[in-house]
Amino acid sequence: MSPLQRILVSVTVALVLAMLYGKAQGAEMDPNCLGCMCEASSNCNASTLCHTSSTYFCGPFHLTWAYWADAGKPVLQHDNPDRKGAFENCANDLYCAAETVKQYMRLFATDCDGDGVHSCKDYVRIHKLGKSACTVPIPRGDFLTKFETCAHRLNVF
């Protein structure tokens, strides 16, 4: 193999490893972004219980079972993710619910708005619209108004 080929192979391997490592690690969310997502979802009301509107949602982040499962089924200490009620217990616990959102973002962070970076604007779209529908803007409404008010107040953007 020529020196040029070795360099090209080395660069290719380095790029592939960087992409794999970067995807596995994801980006850490700004705590203020997480807080604003909670504020927009339920006024960050830790006593928000499970309810059904069009879908079954639980807790201060209004998590669905599918969101929780996609995040790896985080649970409270000494709980079993396969136990009936484990989702509800986690989603209704502020710390476990926040960990669920952070894990979901680590796994599914993507550049939803096409600006070249993973930012709070992307995370809120992923949270509200889902991992595969985040390229469209969040519809105007109570959630978006609350989120934007909080984000501007805390200088998240």
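The values are calculated or read from the model by the stated rules, or taken from the named source; none is laboratory data. Nothing here was measured: the structure is a model prediction, and the numbers come from that model. Don't worry about glycine lacking a Cβ; one is built from the backbone with ideal geometry, like all the others, and counts go over all protein chains shown.
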Expected single match for part of a loop (DSSP other than H, G, I, E, B), at pLDDT 95 or above and surrounded by fewer than 21 Cβ atoms within 10 Å (Cβ to Cβ) among LYS102, LYS73 is LYS73
Here the residues within region 42-60 that are touching a helix residue (DSSP H, G or I) at 6+ places or on another chain (Cβ under 7 Å) and under 21 Å from ALA86 (Cβ atoms) are ALA46, THR48, CYS50, TYR56, CYS58, GLY59, PRO60
Given (1) within 22 Å of ASN32 (Cα to Cα); (2) at pLDDT below 95, SER132 misses just (1)
Of the listed residues (PHE61, PHE87), the one being in contact with a Cys (Cβ under 8 Å, 6 or more places away or on another chain) and within 19 Å of LEU34 (Cα to Cα) is PHE61
